[in-house]
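In what follows, a structure is listed as structure tokens, so that the remarks can point back to it.
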Amino acid sequence: MGNVYATYSPNQHHQFEATYGFGKSLPDTYQKSPNMLQQDELMWYAGTPGLKNYWNNTINVTYTWLPNNRWQLEADGRLYLTNNRVVARYTPTAPDGTMLRQYVNSGSYRSGAIGLNGTAKFFGGKLIAKLKPEMWFRGTTGEYDMTYNELTCTAQLTWYFGNFYLFGWYMTPSTYPDEESGVKQRSPSRYQIQLGYGNGAWRASATADNFLRTSWETNHQTLTSQYYQFDRREYGTNQHMRFQFSVTYTFGYGKKIQRGDEVSGVGAAGSAILK
């Protein structure tokens, strides 16, 4: 595997970055095992000893425009490609006509995105707004031939007033095909709001995650193939409403303590997973 990185800044207001990475993916041991094992009453699984390794390539290009301390804009494009990938194939060839899941090299997978990432500061930096829309292009060939494009967006807002701050973000739902299984993943929207206070050694915060959601569903997965299909829902606490309260006091023990922005890194919204 290897990476190539280049950056160019004609002046303090403009910057271009480009990254290219490549590597070889190796099938897991269980995917190459010749043994046939029973998973349950209706499903068996087996590997394929002759599975081949497969290459993947990643390209990232970013342009940053910084006209002043109030505005910042980034435009980026990303592309991930892999050929002859390993996928799971389902056939009714197990004992007594049950299903056999076997791993084979089949087709390609691509995932690309173009997006903007804008930051604006108002009232001397007391109000900071961030917006990140992205257009995704994903598709597979071979065993599972599908194309799925979607627009996602992440919004974030921070407001400082006195010793308090109010911080919140929202991420739209996302749907994407899995690289190795043919499964289509669907995740719900996510959001958070946090009210915090800081004064000297004292810090306090109240955080509400997904505060309007009563469902416990974290993920919805579907698979459609020639002989086998399923519709599966996963449940857990990650996407359910959650509330958290925190109060801390820092003892310096006579040493100087450097305190940064207490909002930084707390519940920050990430981008959709490049898959």
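Which fully enclosed strands (runs of 3 or more DSSP E) of segment 138-193 have 2 or more residues being within 30 Å of TYR103 (Cβ to Cβ) and of a type in the set (Lys, Arg)?
Here the list reads 184-187.
One residue alone among PHE167, PHE137 is closer than 24 Å to SER246 by Cβ and of a type in the set (Phe, Trp, Tyr), and that residue is PHE167.
Cβ-Cβ contacts under 9 Å between residues 6 or more apart (or on different chains), taken from a first residue in segment 223-243 that is in a loop (DSSP other than H, G, I, E, B) to a second residue that is open to solvent by 100 Å² or more (accessible area, probe 1.4 Å), are listed as GLY236/TRP216; THR237/TRP216; GLN239/TRP216; HIS240/THR214; HIS240/TRP216; MET241/LEU212; MET241/THR214. When LEU212, LEU195 are screened for being closer than 16 Å to TRP169 by Cα, open to solvent by 60 Å² or more (accessible area, probe 1.4 Å) and at pLDDT 95 or above, only LEU195 passes.
Restricting attention to segment 101-128 and to residues that are aromatic (Phe, Trp, Tyr) and touching a residue at least 24 places away in the same chain (Cβ under 8 Å), the residue that is most open to solvent (accessible area, probe 1.4 Å) turns out to be PHE122. The residues on offer are THR218, THR237, THR248, and the sole one that is exposed (fewer than 14 other Cβ atoms within 10 Å of the Cβ), touching a strand residue (DSSP E or B) at 6+ places or on another chain (Cβ under 6 Å) and either within 18 Å of ARG186 (Cβ to Cβ) or modelled with pLDDT of 55 or more (or both) is THR248. Return a yes/no flag: does segment 78-100 have any residue that is in contact with a His (Cβ under 9 Å, 6 or more places away or on another chain), open to solvent by less than 60 Å² (accessible area, probe 1.4 Å), of a type outside the set (Phe, Trp, Tyr) and assigned to a strand (DSSP E or B). Among the residues of segment 78-100, not one is in contact with a His (Cβ under 9 Å, 6 or more places away or on another chain), open to solvent by less than 60 Å² (accessible area, probe 1.4 Å), of a type outside the set (Phe, Trp, Tyr) and assigned to a strand (DSSP E or B), which makes the answer no.
Yes/no matrix, rows are residues, columns are (1) among the acidic types (Asp, Glu); (2) at pLDDT 95 or above; (3) under 26 Å from the mean Cα position of the chain (by Cα):
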{"site": "ASN53", "(1), (2), (3)": "no, no, yes"}
{"site": "ASN57", "(1), (2), (3)": "no, yes, yes"}
{"site": "ARG78", "(1), (2), (3)": "no, yes, yes"}
{"site": "GLY97", "(1), (2), (3)": "no, no, no"}
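On inspection, ARG186 qualifies as out of contact with any helix residue (DSSP H, G or I) (no Cβ under 9 Å at 6 or more places or on another chain), of a type outside the set (Ser, Thr, Tyr), within 30 Å of GLN31 (Cβ to Cβ) and open to solvent by 30 Å² or more (accessible area, probe 1.4 Å). Residue count for segment 27-49, restricted to those that are over 23 Å from the mean Cα position of the chain (by Cα), assigned to a loop (DSSP other than H, G, I, E, B) and in contact (Cβ under 8 Å) with a residue 12 or more places away in the chain: 9.
Checking each residue in segment 148-175 for being of a type in the set (D, E, K, R) and either open to solvent by 60 Å² or more (accessible area, probe 1.4 Å) or at positive phi (or both) picks out no residue at all. Can you tell me which residue in segment 198-209 is modelled with the lowest pLDDT, limited to those that are closer than 11 Å to THR248 by Cβ and buried (at least 18 other Cβ atoms within 10 Å of the Cβ)? So the residue we want is GLY198.
Checked against (1) closer than 30 Å to ASN84 by Cβ; (2) assigned to a strand (DSSP E or B), THR207 passes all but a single condition, namely (1). Checking each residue in segment 1-26 for being open to solvent by 100 Å² or more (accessible area, probe 1.4 Å) and either in a loop (DSSP other than H, G, I, E, B) or in contact with a Ser or Thr (Cβ under 8 Å, 6 or more places away or on another chain) (or both) picks out MET1, ASN3, TYR5, GLN12, LEU26. The residue of segment 106-137 that is nearest to GLU179 (Cα to Cα), among those that are more than 24 Å from the chain's Cα centre (by Cα) and assigned to a loop (DSSP other than H, G, I, E, B), is SER106.
The values are calculated or read from the model by the stated rules, or taken from the named source; none is laboratory data. The structure presented is a predicted model; accordingly, all values stated were derived computationally and were not measured. All Cβ positions, glycine included, derive from the backbone under ideal geometry; neighbour counts span all protein chains shown. With ligands, DNA and RNA removed, areas are computed over all heavy atoms of the protein, side chains included. Shrake-Rupley method; radii C 1.70, N 1.55, O 1.52, S 1.80 Å.
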